[in-house]
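See below for the structure under consideration.
The values are calculated or read from the model by the stated rules, or taken from the named source; none is laboratory data. Quick caveat, the model's predicted, so the values are computed rather than measured. So basically every Cβ, Gly included, is an ideal-geometry build from the backbone, and we count neighbours across all protein chains shown. Only protein heavy atoms, including side chains, enter the accessible area calculation; ligands, DNA and RNA are left aside. Shrake-Rupley method; radii C 1.70, N 1.55, O 1.52, S 1.80 Å.
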Amino acid sequence: MRLVVDLNRCQGYAQCAFLAPDVFALHGEESLVYNPQAEEGQRERLARAVAACPVQAILADGLDDVDEEPAEAGQETSHAR
Amino acid sequence: MPAEDFLQWLRREGRIVIVGASLAGLRAAETLRAEGFAGSLTMIGDEPYEPYDRPPLSKAVLLGKASPHRTDLPRRLEIDAKWRLGVAATGLDMTAKRVRLADGDEVEYDRLLIATGVRARPWPKESEAQLDGVFVLRTRDDAAALLRRLQASPRRVFVIGAGFTGSEIASACRAQGVAVTLAERGGAPLVGALGGVIGAVAAELQRENGVDLRTGVMVTALEGDSMGRVRAAHLSDGSVVETDVVVVCLGATRNTEWLESSGLGAGPRGIACDAGCRAFDFRGIVTDDVYVAGDVARSPHPLFGYQFLSLEHWGNAVAQAEVAAHNMISSGADRRPHLWVPAFWSSQFGVNIKSVGVPSMGEQIMIAQGSLAERRFVGVYGYQGRVIAAVSFDNTRWLQFYERLIETATPFPLEFPTVDRRPEGRQPVPADFPDPSLPTHGPTVTLSGYSPSDRRLVFTPARH
Ligand SMILES: Cc1cc2nc3c(=O)[nH]c(=O)nc-3n(C[C@H](O)[C@H](O)[C@H](O)COP(=O)(O)OP(=O)(O)OC[C@H]3O[C@@H](n4cnc5c(N)ncnc54)[C@H](O)[C@@H]3O)c2cc1C
Ligand code: SF4
């Protein structure tokens, strides 16, 4: 599953690193590093992180078949300001 | 055909061609489809890959947290395009509305978007640049090649140019325990982008993390061994550094050569366009069917005196591509201007560096929050009595606030108190940017062109 984080938007709240620690990690106090190609086994955790990011900075695809709305939340992510 | 009918037809069955299949190209394609464009869409890219993300190449990839070949950009929706990958556009015929390709093919368009970005500037001495072990970092292939070398435990890595990319590479090397020397012509790292006050903080950060930082020096030569492998770098102060990997981080060159003699207003500074992303032809007349977006574009911005602003920033590529795509299939009154406030991030030595506005325009800086010594602060730049930019080190949550101040031309120095303002931040000090005529690694933000507020400008007509 491909993903990208708009790091201009990201506020380093670390919500994603808490929910999907194998995909997202903080490097130092507030720099986010992530794996842009998450393992298949991370699907559900990734979907939760996408939905939980307070500033909707995470865009991921391949989450469509996860229940609830997380995939939709990802689609709404517009990077336009 | 009346304009409105043409637009209806274009949206239904027109042909749109996008040259440059990377971040800006992909986002434009998605926007076109999202806004109902149902015609044919062709994506032309000289790299053999579908659009991928570059920022991780100097961060997560070199830190070993991501594979260089797996940074593909996710899709917001299916774009149903014809992909012509691995083939460069080599020419443009604006009259016949055709793009020529390297394989001899030609593609016709009704609307064209140019998003060809920039490429890394190589080491200028060709024979030295070709030595084994000398790298640049712009593409996925560059990153994969560099990563292989870093994993082979080099004795030392030598980085030329302490801009963002060079500093990020040095940071990744240190995180892996690799010895690294970073050479910079200016007085400090990041000095071209953020000035000397912030540069001094970056220098301290690097030295503390074990980077052998050499400032105020030029690299005069790269030396190879008998096998054609790089073995040392020679510096202008007479010193010689033995190394087996050299990374050249001297900034970027805009990919506009293929437009030479096309009649488009394209050159080494990029492609000039109006605020609606419509390209200018070489006479300064705006075209109606050629649009530009991303690193290759330069467009006027009212916040910065209507000077042409070119940005090598991720967020700009996204925002400008969305505006360009929207305008390509919209009529006059529905068109939108691209008036994005520049924003940028970098991450090095575990510190989150972000900026908004155009710091390099700043004459003065004040530390509005936090302190330089703690490396957790917001620095605010002033230009002609107003706030023009801000930079944060590990203080990103405040940046949005300062973005508003830039947008509203708030007076500088800041007249109001702020949370966590220290005595050192009460008075502005010179931001200490190097003389622009003495290039450093090359800025990622460039302002060029006429500024109506600049009365010193003298127009000198060419002689006949
Ligand atoms: C290592 C690295 C780290 C970065 N880190 C950050 C960061 O931390 N923050 C930030 O804001 N920005 C960062 N950037 C900048 C960001 O990646 C760019 O601003 C962004 O990629 C611009 O997108 P673009 O689509 O305009 O251009 P590009 O990504 O340069 O894409 C242009 C594409 O067009 C292709 N092309 C060129 N000429 C032709 C031709 N004639 N025919 C066909 N195709 C052609 C190119 O090969 C390329 O694939 C970084 C860039 C790099 C290289
Ligand atoms: S949850 Fe969102 S804001 Fe927080 S660190 Fe992750 S991406 Fe950034």
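Structure data summary
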| item | result |
| --- | --- |
| Anchor B:Lys65: lysines whose Cα lies under 29 Å away (excluding residues fewer than 8 positions away in-chain) | B:Lys354 |
| Pairwise label distance in nanometres, A:Glu39 with B:Ser331, each label 7 Å out on the Cα-Cβ vector | 5.6 nm |
| Long-range HN-HN contacts of B:Ala252 with modeled amide H, under 5 Å | B:Arg121 |
| Estimated 222 nm signal from helices in chain B, with DSSP H stretches of n ≥ 4 weighted -39500 (n - 2.57), rounded to 500 | -6000 deg cm²/dmol |
| Cα gyration tensor category, rounded, prolate or oblate, for chain B with a/c compared to 1.5 | oblate |
| Summed side-chain charge close to B:Gly91 - residues other than B:Gly91 whose Cβ falls under 15 Å, Lys, Arg +1, Asp, Glu -1 | -4 |
| Tensor-based shape of segment B:15-79 (alpha-carbon gyration tensor, a/c under 1.5 rounded, otherwise prolate or oblate) | prolate |
| Under 5 Å, built H, 5+ apart or other chain: amide partners of B:Glu363 | B:Gly382, B:Tyr383, B:Gln384 |
| Neighbour count of at most 13 Cβ within 10 Å plus DSSP loop: longest GluC sites (Glu not before Pro)-free window in chain B | B:79-259 |
| Residue order for B:Phe164, B:Phe6 - accessible surface, 1.4 angstrom probe, largest first | B:Phe6, B:Phe164 |
| Scaled radius of gyration (Cα, divided by 2.2 N^0.38 Å) that the protein assembly as shown gives | 0.96 |
| Cβ-defined net charge surrounding A:Glu30, 9 Å radius [Lys, Arg +1; Asp, Glu -1] | -1 |
| Whole-Hz ³J(HN,Hα) from phi, Karplus 6.51 cos²θ - 1.76 cosθ + 1.60, for segment B:285-296, glycine and proline x | 9, 6, 8, 9, 10, 10, 10, 9, 7, x, 4, 7 |
| Anisotropy class of segment B:188-258 from Cα gyration tensor, a/c 1.5 cut | oblate |
| Segment B:333-339 - phi-based ³J(HN,Hα) in whole Hz, Karplus 6.51/-1.76/1.60, Gly and Pro as x | 5, 8, 6, 10, x, 9, 10 |
| Paramagnetic label zone (point 7 Å from Cα along Cα-to-C-beta, B:Trp83; backbone N under 20 Å) in segment B:116-156 | B:116-117, B:139-144 |
| Vicinal HN-Hα couplings computed from phi for segment B:94-100 (Karplus, 6.51 cos²θ - 1.76 cosθ + 1.60; Hz; Gly/Pro x) | 6, 6, 7, 6, 9, 10, 8 |
| Cβ-based net charge around B:Gly224, under 9 Å, with every Lys or Arg adding one and every Asp or Glu removing one | -2 |
| Accessible area, probe 1.4 Å, largest first, for residues B:Phe401, B:Phe37 | B:Phe401, B:Phe37 |
| Per-residue SASA entry for B:Arg84, accessible area with 1.4 Å probe, Å² rounded to 10 | 60 Å² |
| Largest to smallest accessible area among B:Ser355, B:Ser331, B:Ser127 [probe 1.4 Å] | B:Ser127, B:Ser331, B:Ser355 |
| Dipole moment magnitude, nearest 20 debye, the protein assembly as shown about Cα centre, only Lys, Arg, Asp, Glu C-beta charged | 1200 debye |
| A:Phe18 versus B:Glu208: modelled label distance in nm, points set 7 Å from Cα along the beta carbon direction | 2.7 nm |
